[in-house]
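Report on one structure; see the data block that follows.
The values are calculated or read from the model by the stated rules, or taken from the named source; none is laboratory data. Quick caveat, the model's predicted, so the values are computed rather than measured. Here the Cβ positions follow ideal geometry from the backbone for every residue, glycine too, while neighbour counts run over all protein chains shown.
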Amino acid sequence: MGDARNRNLWGGRFTGETDRGFAEFNRSFGFDRRLFEVDVRASIAHCDGLAGAGVLTTAESNQIKSALKAILDRGQTDAGYFDEPSSEDVHSFVEARLVEMIGDAGRKLHTGRSRNDQVATDLRLWLRDEIDRLAAALRGTQEALLDLAEAHSDAAIPGYTHLQRAQPVLLAHWCLAYFEMLARDRERFAEVRRRVNVLPLGSAALAGTSYAIDRDAVAHALGFEAVSRNSLDAVSDRDFCIEFASAASLVMMHLSRLAEDIILYVTAEFGFFELSDAVATGSSLMPQKKNPDSMELVRGKAGRVFGHLTALLATMKGLPLAYNKDMQEDKEAIFDAADTVNHCLNVTATVLRNIRLNEARARAAAGQGYLNATELADYLVRKGMPFREAHETVGRIVVQAIERKVELSHLSLADLKSFSTLIEQDVFASLSLEQTLATKAQIGGTAPDRVAEELKSARGRLQ
Ligand code: ARG
């Protein structure tokens, strides 16, 4: 490993010392130590690969593997182990510890391997575990949505378009809307996971390995479903990071919309929800304030994850084949994206479990402001009027109701008849909130029976 003057991995070619400032700039150990466990796991599999190829004797490979296991053990129990100022990255750290422990046998482990295929392998192993963790967090948030829906299965809220009251919907229907978004997110992560789960190790620096390593066996040992088919691509492909950041960005976009709805609904102006003290904050100046900081942070952190996606795309754009050090920038982006999404999912689930619904106020809002106007048009359609004419007629009725400052159901039958003789006494039943909801009975609609079915099937989909 070079002499005392140059303790880098590339000692032989170099006679001069690395500039201190540059060495610090070049180092990734401060963040890629996070790959420690997967780096050791991949090294153990590579060791078996080398033994299988006849590069290492059984005795050597056993010695290396037990040393690697001891290193893993130490790293998992002793945080101070990583206070190692001289390591450039996690790969050189592990190798240096190995050589410290067992000398020459340890120096053989890097045969047929480069940090280029090593780091790609580590990253994929790490991301695979992370995707599993995020899938569980997604499921947790979906569960919280279903619990909220089931706790208030007949509560109604106004539905909005253009943030104007549009038609009433069940609160459960609103919950299930976010459930669907997160269901697609889980699917997306599962698809990304398939492409993450491919082994680059054996590609070496860029051209492939010259040792008869059984790559399928290494893949199998590490739980990879396939081996990469082209060494140039394998060491320089970061599509899987970009796809991950993209799927993560969509989760954040969904959470930011949910956050925004909640932020609106806890205002005095809407007043549908109240957050418990556990997930709100106060003001240092205004004693009356109760702020939805939890949801504002979730909304705000979406921008940060989108930033990571953009950064990864920009880093990869125009890079010549194969590995380039630019790619070291991938790690902080995906580490932070994964952590941020995980935190935001967990906090969102906690917030959902700490929502108090003001059912009366939400119901009143759902029943005020002509949210049943479409229902009246549908009533006229059922009586034989073409929809366009019905739309026009109801528009004029709404104008009159606004002038009189009353709801549609408070107009007299005589008044209504003056707009269309098709209108009869049974119109009033049609205008009720219950009826307005109940008519949306096709798949995907907000009718209570339909939503109850969807809730049940959503529970099933979570299993
Ligand atoms: N720390 C490096 C990275 O994160 C590891 C690969 C370095 N390879 C090299 N040839 N310098 O990308």
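Of GLY307, GLY367, which residue is surrounded by 14 or more Cβ atoms within 10 Å (Cβ to Cβ) and free of Cβ contacts under 8 Å to residues at least 24 places away in the same chain?
Of the residues listed, the single one that is surrounded by 14 or more Cβ atoms within 10 Å (Cβ to Cβ) and free of Cβ contacts under 8 Å to residues at least 24 places away in the same chain is GLY307.
When residues of region 105-140 are filtered for being under 23 Å from THR58 (Cα atoms) and either within 14 Å of the ligand (Cβ to nearest atom) or modelled with pLDDT under 95 (or both), how many remain?
Counting residues in region 105-140 that are under 23 Å from THR58 (Cα atoms) and either within 14 Å of the ligand (Cβ to nearest atom) or modelled with pLDDT under 95 (or both) gives 4.
Given the options ILE71, ILE64, name the one that is within 21 Å of ALA219 (Cβ to Cβ) and either in contact (Cβ under 8 Å) with a residue 24 or more places away in the chain or in contact with a Ser or Thr (Cβ under 6 Å, 6 or more places away or on another chain) (or both).
Details: ILE71 fails: within 21 Å of ALA219 (Cβ to Cβ).
Being within 21 Å of ALA219 (Cβ to Cβ) and either in contact (Cβ under 8 Å) with a residue 24 or more places away in the chain or in contact with a Ser or Thr (Cβ under 6 Å, 6 or more places away or on another chain) (or both) holds for just one of ILE71, ILE64, which is ILE64.
Restricting the search to region 326-361, which residues are among the charged types (D, E, K, R) and either farther than 30 Å from LEU232 by Cβ or in contact (Cβ under 8 Å) with a residue 40 or more places away in the chain (or both)?
Passing the criteria: ASP330, LYS331, GLU332, ASP339, ARG353, ARG356, GLU359, ARG361.
Just to check your reading of the model, which residue among GLY208, GLY202 is farther than 30 Å from THR439 by Cα and free of Cβ contacts under 8 Å to residues at least 60 places away in the same chain?
Going through GLY208, GLY202 in turn, the sole match is GLY208.
Do the conditions hold for VAL235, that is, is it aliphatic (A, V, I, L, M), farther than 25 Å from LEU148 by Cα and touching a helix residue (DSSP H, G or I) at 6+ places or on another chain (Cβ under 8 Å)?
Against the criterion (aliphatic (A, V, I, L, M), farther than 25 Å from LEU148 by Cα and touching a helix residue (DSSP H, G or I) at 6+ places or on another chain (Cβ under 8 Å)), VAL235 qualifies.
Can you find even one residue in region 50-70 that is among the polar types (S, T, N, Q), away from the ligand (no atom under 14 Å from the Cβ) and in contact with a Lys or Arg (Cβ under 8 Å, 6 or more places away or on another chain)?
No: region 50-70 contains no residue that is among the polar types (S, T, N, Q), away from the ligand (no atom under 14 Å from the Cβ) and in contact with a Lys or Arg (Cβ under 8 Å, 6 or more places away or on another chain).
When region 76-117 is examined, which residues are found to be outside any helix (DSSP H, G or I), surrounded by 19 or more Cβ atoms within 10 Å (Cβ to Cβ) and of a type in the set (Asp, Glu)?
Passing the criteria: GLU88, ASP89.
Only residues in region 80-98 that are within 10 Å of the ligand (Cβ to nearest atom) count as the first member; pair them with residues that are β-branched (Val, Ile, Thr), Cβ under 8 angstrom, at least 6 apart or cross-chain, and list the lot.
What qualifies is ASP89/VAL119; HIS91/VAL119.
Looking at (1) surrounded by 14 or more Cβ atoms within 10 Å (Cβ to Cβ); (2) more than 14 Å from the chain's Cα centre (by Cα); (3) of a type outside the set (Ser, Thr, Tyr); (4) within 29 Å of LEU35 (Cα to Cα), which is the only condition PRO320 fails?
(1)
Quick check: anything in region 175-191 more than 30 Å from SER43 (Cα to Cα), among the hydrophobic types (A, V, I, L, M, F, W, C) and touching an Asp or Glu at 6+ places or on another chain (Cβ under 8 Å)?
There is at least one residue in region 175-191 that is more than 30 Å from SER43 (Cα to Cα), among the hydrophobic types (A, V, I, L, M, F, W, C) and touching an Asp or Glu at 6+ places or on another chain (Cβ under 8 Å).
Within the set of pairs 6+ apart or on separate chains, which have a first residue in region 38-60 that is under 14 Å from ARG215 (Cβ atoms), a second that is of a type in the set (Gly, Ala, Ser) and buried (at least 24 other Cβ atoms within 10 Å of the Cβ), and C-beta atoms under 8 Å apart?
Taking only residues 6 or more apart or on different chains, the pairs are GLY49/GLY202.
Looking at THR340, is it under 25 Å from ASP89 (Cα atoms), β-branched (Val, Ile, Thr), within 16 Å of the ligand (Cβ to nearest atom) and assigned to a helix (DSSP H, G or I)?
no
Which condition does ASN26 not pass, out of (1) within 13 Å of the ligand (Cβ to nearest atom); (2) over 19 Å from GLY202 (Cα atoms); (3) modelled with pLDDT of 95 or more; (4) touching a helix residue (DSSP H, G or I) at 6+ places or on another chain (Cβ under 6 Å), if it passes all the others?
Result: ASN26 passes all but (4).
Specify the residue that is surrounded by the most Cβ atoms within 10 Å (Cβ to Cβ); the eligible residues are those in region 21-71 that are outside any helix (DSSP H, G or I) and among the polar types (S, T, N, Q).
Looking at residues that are outside any helix (DSSP H, G or I) and among the polar types (S, T, N, Q), I get SER28.
Sort out which residues of region 280-327 are within 16 Å of the ligand (Cβ to nearest atom) and not in a helix (DSSP H, G or I), and write them in order of number.
If the condition is that a residue be within 16 Å of the ligand (Cβ to nearest atom) and not in a helix (DSSP H, G or I), then LEU319, PRO320, LEU321, ALA322, TYR323, ASN324 are the ones that fit.
Could you tell me how many of the residues in region 71-94 are in contact with a helix residue (DSSP H, G or I) (Cβ under 7 Å, 6 or more places away or on another chain) and either over 18 Å from ASN26 (Cα atoms) or among the basic types (Lys, Arg) (or both)? Before you say what the answer is, go through the steps one by one.
So in region 71-94, the residues in contact with a helix residue (DSSP H, G or I) (Cβ under 7 Å, 6 or more places away or on another chain) come out as 71-72, 74-75, 81-82, 84, 87-91, 93-94.
Subset that is either over 18 Å from ASN26 (Cα atoms) or among the basic types (Lys, Arg) (or both): 71-72, 74-75, 81.
Qualifying residue count for the region: 5.
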